[in-house]
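*Asks:* Take this structure first; my questions come after.
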Amino acid sequence: MPDNSRFHLAQLNIAALRFPLDDPRVADFVAALEPINALADAAPGFVWRLVGEGSDDATGLRPFGPDVIVNLTVWEGAEALWDYVYRSGHLEVMRRRREWFQRHAEAHLAMWWVPAGHVPSLAEAAERLELLCAEGPSPRAFTFTSSYTAEEARAADPALADRSGAGPAGAGRAGAGQASSAAV
Amino acid sequence: MEDIDAIAALQDPVRRRLYEFVAARGREVGRNEAAEAVGVQRTLAAFHLDRLVEAGLLESGSRRLTGRSGPGAGRPAKVYRRSPVERQVALPARDYRTAADLLAEAAEAAGLDDGVREAARRRGRALRGPVGDREELASLLRSRGYEPYWDEDEGEGRDGSGPVLRMRNCPFHSVAERFPPLVCGMNLALLEGLLEGADGWRARMDPRPGECCTVVEPSKNNEP
């Protein structure tokens, strides 16, 4: 087992809403945001999630288009993220995703390793998603079904190893308590 | 080891009872506990448990069963739990897993969740059996491969109306891992169909790592 404590897993997930957030047809999703985000914050291995300014979630941020909501999080590893997304109350939100979100035409989820303590930016996240769309899964941008270890990512990207010395290891709790949307 | 050899290792009745006992615990089991449960000598149980590990049906580890540590705590005991590796044999050769995987992949890509759930609900209805009491309910789910158990920790359930039935095994595990929302949604619909008309029980999602994502709990008659 490689030492993963120096690296954390960043995750970007975008989803196109079928209706505006004030539409009654997405009321159940909106109502689920707070408890589901609280569940993420308390989940084992949770490190950080993006929130909009003055908000408890990221639903106000629309860098990918007016209808596209964004979920950007950091976790200690893929297993922690998986257990939250698919093995917690979050699964019920996933189960109903077709009621609220359009079907994805292309890649909508990307994961990549970051040095522990690094807070990924939306620009960085968009770059990884583009990379995944353009070139398919690689150690620099991958999905659950095509996962790579931090070790593989470091081997493929020496800059990642260099940067991991810069941030305080385990400082990933920075930003915990701020909030973002459910990963759908 | 080939699947057929692993399965053949269960032909010995003592070994099979030991395997079933360990699998049903859902946790690590020591040699003494397994021997007592099956009613054989400890050395015989140890022999068969180790054969099951060799066959890849169980995994072993070591643990201090007393909870003590340091000098005087004694040697760590050998413990066993079920292996997560799936074994199956079909004669003549069949490959329904690849078929299920491909169909699920296409259903996921086409967004066919609703259609899949409708089919599952209908199938659940067709498979209904008597669920008059707790044992009948557990037995029906057991027959579908769910490995149900009553959750003692949960005590009286969410609304104090009775204990909750959890399920250790997901019968659709490998496809569920690849397409969780689609397949877990299908599974919930199947269970809803199975419990349709069964006064007093309902299925709902309550996923936990390592178990089926659904629980069955008592319901008031006027609730869905």
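*Asks:* Going through B:ALA73, B:ALA110, B:ALA104 one at a time, which residue ends up being within 14 Å of chain A (Cβ to nearest Cβ), farther than 27 Å from B:MET1 by Cβ and at pLDDT below 95? Step through it out loud before you land on a result.
*Replies:* On the way: B:ALA73 fails: within 14 Å of chain A (Cβ to nearest Cβ); B:ALA104 fails: at pLDDT below 95.
Testing whether each residue is within 14 Å of chain A (Cβ to nearest Cβ), farther than 27 Å from B:MET1 by Cβ and at pLDDT below 95 leaves just B:ALA110.
*Asks:* Any residue in region A:124-138 that is surrounded by 18 or more Cβ atoms within 10 Å (Cβ to Cβ), away from chain B (no Cβ under 14 Å), in a strand (DSSP E or B) and modelled with pLDDT of 95 or more?
*Replies:* Filtering region A:124-138 for residues surrounded by 18 or more Cβ atoms within 10 Å (Cβ to Cβ) gives A:125, A:128-129, A:131-132.
From the residues that got through so far, the ones that are away from chain B (no Cβ under 14 Å) too are A:125, A:128-129, A:131-132.
Those still in the list that are in a strand (DSSP E or B) too: none.
Checking region A:124-138: not a single residue is surrounded by 18 or more Cβ atoms within 10 Å (Cβ to Cβ), away from chain B (no Cβ under 14 Å), in a strand (DSSP E or B) and modelled with pLDDT of 95 or more.
*Asks:* Moving to a separate point now. Of all residues being assigned to a strand (DSSP E or B) and within 9 Å of another protein chain (Cβ to nearest Cβ) in region B:186-219, which is surrounded by the most Cβ atoms within 10 Å (Cβ to Cβ)? Just the residue, please.
*Replies:* Of all residues in region B:186-219, those assigned to a strand (DSSP E or B) come to B:201-205, B:214-218.
With within 9 Å of another protein chain (Cβ to nearest Cβ) added as a condition, the list becomes B:204-205.
Working: B:ARG204: 17, B:MET205: 20.
Filtering first and then ranking leaves B:MET205.
*Asks:* Taking into account only those residues within region A:1-42 that are under 17 Å from the mean Cα position of the chain (by Cα) and of a type in the set (S, T, N, Q), which is surrounded by the most Cβ atoms within 10 Å (Cβ to Cβ)?
*Replies:* Within region A:1-42, the match that is surrounded by the most Cβ atoms within 10 Å (Cβ to Cβ) is A:GLN11.
*Asks:* Please go through region B:166-188 and pick out each residue that is within 18 Å of the chain's Cα centre (by Cα) and of a type in the set (A, V, I, L, M).
*Replies:* The answer is B:MET167, B:VAL175, B:ALA176, B:VAL183, B:MET186, B:LEU188.
*Asks:* If you don't mind, another one. Count, please, the residues in region B:177-213 that happen to be under 15 Å from A:ASP83 (Cα atoms) and either of a type outside the set (A, V, I, L, M, F, W, C) or free of Cβ contacts under 8 Å to residues at least 12 places away in the same chain (or both). Reasoning before the result, please.
*Replies:* Applying the first criterion (under 15 Å from A:ASP83 (Cα atoms)) to region B:177-213 yields B:177-181, B:184, B:205-213.
In the following step, the residues that additionally are either of a type outside the set (A, V, I, L, M, F, W, C) or free of Cβ contacts under 8 Å to residues at least 12 places away in the same chain (or both) were identified as B:177-178, B:180-181, B:206-211.
Here the count works out to 10.
*Asks:* Kindly list, by first and then second residue, each pair from a residue in region B:63-84 that is surrounded by fewer than 16 Cβ atoms within 10 Å (Cβ to Cβ) to a residue that is modelled with pLDDT under 65, limited to pairs with Cβ atoms under 9 Å and residues at least 6 apart or on different chains.
*Replies:* B:ALA73/B:THR66; B:ALA73/B:GLY67; B:GLY74/B:LEU65; B:GLY74/B:THR66; B:GLY74/B:ARG68; B:PRO76/B:LEU65
*Asks:* Being in contact (Cβ under 8 Å) with a residue 12 or more places away in the chain and either buried (at least 18 other Cβ atoms within 10 Å of the Cβ) or in contact with a helix residue (DSSP H, G or I) (Cβ under 9 Å, 6 or more places away or on another chain) (or both) is the filter; apply it to region A:93-103 and report the residue that is nearest to the other protein chains (Cβ to nearest Cβ). Outline the logic, then answer.
*Replies:* So in region A:93-103, the residues in contact (Cβ under 8 Å) with a residue 12 or more places away in the chain come out as A:93-94, A:96-97, A:99-102.
Subsequent filtering for residues that are either buried (at least 18 other Cβ atoms within 10 Å of the Cβ) or in contact with a helix residue (DSSP H, G or I) (Cβ under 9 Å, 6 or more places away or on another chain) (or both) retains A:93-94, A:96-97, A:99-101.
Values: A:VAL93: 9, A:MET94: 4, A:ARG96: 8, A:ARG97: 6, A:GLU99: 9, A:TRP100: 12, A:PHE101: 10 Å.
For region A:93-103, the residue satisfying everything is A:MET94.
*Asks:* Out of (1) closer than 15 Å to B:PRO207 by Cα; (2) at pLDDT 95 or above, what's the single condition that is false for B:ARG168?
*Replies:* Looking at each condition in turn, B:ARG168 falls short on (2).
*Asks:* If you don't mind, there's one more thing I want to ask. Just give me the residues in region A:99-125 being of a type in the set (Phe, Trp, Tyr) and under 22 Å from A:PRO66 (Cα atoms), in sequence order.
*Replies:* Result: A:TRP100, A:PHE101.
The values are calculated or read from the model by the stated rules, or taken from the named source; none is laboratory data. Just so you know, these numbers come straight off a predicted model, no measurement behind them. Every residue, glycine as well, gets a Cβ built from its backbone with ideal geometry; the counts of neighbours run over all protein chains shown.
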